[in-house]
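Each remark here refers to the structure printed beneath this line.
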Amino acid sequence: MSDDSGQLSDPAARYRRRTEFLATVLLAFGSAVTSWSAYQGSLWSGVQATNYNQATARRMESTRESTIAGQLGGVDVAMFMGWMNAYVAANDKLQELFRSRFRPEFRQAFEEWLASNPLTNPKAVASPFQLPSYRSEHLMRAIELDKEAEALFQAGHRANHVADSYIQGTVVLAMVLFFCGITQQFQHFQPRLILLGLATLLLLYGLSKILPLPRA
């Protein structure tokens, strides 16, 4: 009985119990925060991959729309040149044939250009392709898709930065677990206190790195 009382009254034993309790608290809290930080880092890595994949898909679709716009533009130019040749040859029937086959997007610009008397009006534009009314829906769609792709790429870049920040925080918090774990290997109070102090500082630093970050 006297030995137990002596152990309970021993200041060194009391200090060890206190440091063990503090180490246990830090270890439990640090483990939970480390797991949460690693989980967030994994989620943001997924967000990054999704955004990058969507950006790639948008760019591919934009390229396809741009290619179609170029092909249709070539058709418009060929039809216009055919009409011009028919006009020079004074072949009214052939002119009407070409006009009837103009694409709706080009026909509007052509009629506006023709109404400006381009052959006698020096202020008229050289061709209907220079008029604002000549618009390619496929080209407009390509531009819109390219903007969406750029926005998704930037979002993926930001997600990558957030994921990296969470991973950095996880590494710092893992050091907290390391210092708390080796604390038990020391019997003296002073090295335990130093290690727990380092663990506490690392915990605070790690929290300052991850708490301001957005959550996925």
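The values are calculated or read from the model by the stated rules, or taken from the named source; none is laboratory data. All figures in this text were calculated on a predicted structure; none of them were measured in a lab. Backbone-built Cβ (ideal geometry, glycine too); neighbour counts: all protein chains shown.
The table that follows gives values for the structure above.
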| quantity | calculated |
| --- | --- |
| Close pairs from segment 203-216: first in contact (Cβ under 8 Å) with a residue 60 or more places away in the chain and in a loop (DSSP other than H, G, I, E, B), partner surrounded by fewer than 12 Cβ atoms within 10 Å (Cβ to Cβ) and of a type outside the set (A, V, I, L, M), Cβ under 7 Å, at least 6 apart | none |
| Flag if Gly30 is closer than 30 Å to Thr200 by Cα and in contact (Cβ under 8 Å) with a residue 12 or more places away in the chain | yes |
| Residues of segment 97-125 classified as buried (at least 16 other Cβ atoms within 10 Å of the Cβ), among the hydrophobic types (A, V, I, L, M, F, W, C) and not in a loop (DSSP other than H, G, I, E, B), total | 5 |
| Every residue from segment 175-200 that is out of contact with any helix residue (DSSP H, G or I) (no Cβ under 6 Å at 6 or more places or on another chain), in contact (Cβ under 8 Å) with a residue 24 or more places away in the chain and in a helix (DSSP H, G or I) | Gly181, Leu193, Thr200 |
| Subset of segment 88-111 [in contact with a helix residue (DSSP H, G or I) (Cβ under 6 Å, 6 or more places away or on another chain) and farther than 17 Å from Leu131 by Cα] | Leu94, Gln95, Phe98 |
| Which numbered condition Ala151 fails, given (1) modelled with pLDDT of 95 or more; (2) surrounded by 15 or more Cβ atoms within 10 Å (Cβ to Cβ) | (2) |
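Residues are listed down the side, and each one gets a yes or a no for (1) of a type in the set (Asp, Glu); (2) under 30 Å from Gln48 (Cα atoms); (3) at pLDDT below 90; (4) in contact with a Lys or Arg (Cβ under 7 Å, 6 or more places away or on another chain):
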position: Met84; (1), (2), (3), (4): no, no, no, no
position: Arg103; (1), (2), (3), (4): no, no, no, no
position: Ala109; (1), (2), (3), (4): no, no, no, no
position: Leu119; (1), (2), (3), (4): no, no, yes, no
position: His138; (1), (2), (3), (4): no, yes, no, no
position: Arg141; (1), (2), (3), (4): no, yes, no, no
position: Leu145; (1), (2), (3), (4): no, yes, no, yes
position: Gly156; (1), (2), (3), (4): no, yes, no, no
position: Ala159; (1), (2), (3), (4): no, yes, no, no
